[in-house]
Amino acid sequence: MRSARLAGLVVVLALAALPATNPVAAVAEAGLEGIPHYDHVVVLIEENEDFDSTFGPGSPAVFLNSVLRPMGTMDDQYYATGHVSLDNYIAMTSGQPDNPATGTDCMGLNLFTCAQGQLAMANGRNLGDQLDGVNVTWRQYSDGTTKPCVHADYSPAAGADTYQGDGGTPTSATGAGPDYADRHVPWLYYPNIVGDNPRCVAHLLPFTSLAADLAFDTLPGFSFITPDTCNDGHDAPCSGGGPGGLTGADAWLQGPADIQGLLSYLEAHNGLLIITLDEASISDISGCCHGGPGGTAGFGGRVGLLAIGPGVAPGGTIHTEYDHASLLRTIEDVFGVDEHLNNAGASDPMVDLFTAGTTSPDSPGPGTPGAGDPTPGANRSGGLPNTTASQTPASPPPAALLALVPLAAALGLRSWRRGRRP
């Protein structure tokens, strides 16, 4: 009897040591913090363009600006958090800032090593975990793939990840086209997804699967869409000789991608489409809010964000400073998840995206400071990331991340705060 009690105590203590979760028995029927509930949220990411280049006068993205932008509300003060691809994708899906590996797109590292770094914050907990906890289905649709769960070798002894797009991704029987990039699939950098093949296969699908999900009314609650490096504006020109850049990205939006068909579906099924970019050009290191290291301002530049859906004013514009951590918190709120991961916990939900049609540039954000207002002293001048006393002080990187620093240095990787691949 005594041994049974001791065994029971061991089990209780072990359970108490597990990371906190957010158990909810059913899908939420209402959003949180003033954010409306949607049955479907679709986030589509483009690449590496400044706000003025993408949305300013003379932009080559004609379809985006003349057809899509008038359908929804634009936040013209939306910022990226870092200055490579992967750190921004990680911020959008777990609220983690860049670290010595993700801040360089894990150049020179294998996929396994890079993924372990995310365990240092909340044990790698991510938006996929949160959505599973509230019974919300989710998938990423990756352009340039023909099979589910495509990625480089995930083993400690593997060589450097060569699935990096730009015309150089291995093809053969891997299911990856030449312009597919692992770094644009953030779920591959959470060990509990990439290391669980059935889970990975269920959630990471080719972009071509989207059409079938629309046709058969099986679109998940949350979708993450990434065009390949030719179609997202990253490459210019493309590896196959196409124009790439914003011209190529715009053609993809109105071509085989059939975004108008997706919009028709979302309109009929209480759905929201969000279009933004991972980062601005390297010359723009401005930032805002709390998506950077230690909850300070990020430094990925101004990229803008467009939202289209029921309850979003057509032709609207807001001027409130938000970033990728704010986007994560907003998605959490849509689905009734009151756990806000990592830097999302210090960020503001994008309430006025749904409540304001047009605001003046000088008008304050909604509510009181800390409830949507621009971060006091936020850097928008192109200087170094702001670390004024009005923001959460930067905390030292966790030990697991610091352990990556010697490895990063040995591989000649660029600095944590400013890293960027060529």
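The values are calculated or read from the model by the stated rules, or taken from the named source; none is laboratory data. Keep in mind the model is a prediction, meaning the values are calculated, not measured. Cβ placement follows ideal geometry from the backbone for every residue including glycine, while neighbour counts extend to all protein chains displayed. Protein only, heavy atoms only, side chains kept; ligands, DNA and RNA dropped before computing areas. Shrake-Rupley method; radii C 1.70, N 1.55, O 1.52, S 1.80 Å.
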| field | Karplus-derived HN-Hα couplings along region 281-289 (A = 6.51, B = -1.76, C = 1.60, θ = phi - 60°), whole Hz, x at Gly and Pro | value | 5, 4, 6, 9, 10, 6, x, 7, 6
| query | Given H placed on each backbone N at 1.01 Å, which residues far from Q164 in sequence or on other chains put an amide H within less than 5 Å of it? | reply | T169, D182
| Along the three principal axes, how long is region 154-209 when you take its alpha carbons, biggest first, rounded to the nearest angstrom? | 32, 29, 20
| message | In whole Hz and in residue order, list the ³J(HN,Hα) couplings for region 246-252 that follow from phi through the Karplus curve 6.51 cos²θ - 1.76 cosθ + 1.60, θ = phi - 60°; x for Gly and Pro. | response | 5, 4, x, 5, 5, 5, 5
| remark: Spelling it out for D105: with amide H atoms placed in the peptide plane at 1.01 Å from N, the residues 5 or more places away or on another chain with amide H under 5 Å from its amide H are L86, D87
| message | For region 202-322, compute the orientation-averaged projected area of the C-alpha convex hull (one quarter of its surface), in nm². | response | 9.7 nm²
| task | Restricting things to alpha carbons, tell me how big region 163-267 is in terms of Rg and Dmax, in Å. | result | 14.7, 39
| Sorted by packing (mean other beta-carbon atoms within 10 Å per residue), highest first, where do 339-346, 201-208 land? | 339-346, 201-208
| query | If you look at just the Cα atoms of region 69-208, how large are its Rg and its Dmax in Å? | reply | 15.1, 50
| Placed amide H near F224: partners under 5 Å, 5+ positions off or other chain | V43, R139, Q140, Y141
| task | In debye, nearest 20, what is the charge dipole magnitude of region 66-219 about its Cα centre with +1 on Lys and Arg Cβ and -1 on Asp and Glu Cβ, if you could check? | result | 200 debye
| S66 accessible area, assembled protein chains, probe 1.4 Å, Å² | 70 Å²
| task | Sticking with the crude label model, points 7 Å out along Cα→Cβ, report the distance from H269 to A173 in nm, one decimal please. | result | 3.4 nm
| request: Could you pull the Rg and Dmax for region 75-137, using just the Cα atoms, both in Å? | output: 13.0, 37
| task | Quick one: what are the phi-derived ³J(HN,Hα) couplings along region 240-245, Karplus 6.51/-1.76/1.60 with θ = phi - 60°, whole Hz, x for glycine and proline? | result | x, x, x, x, x, x
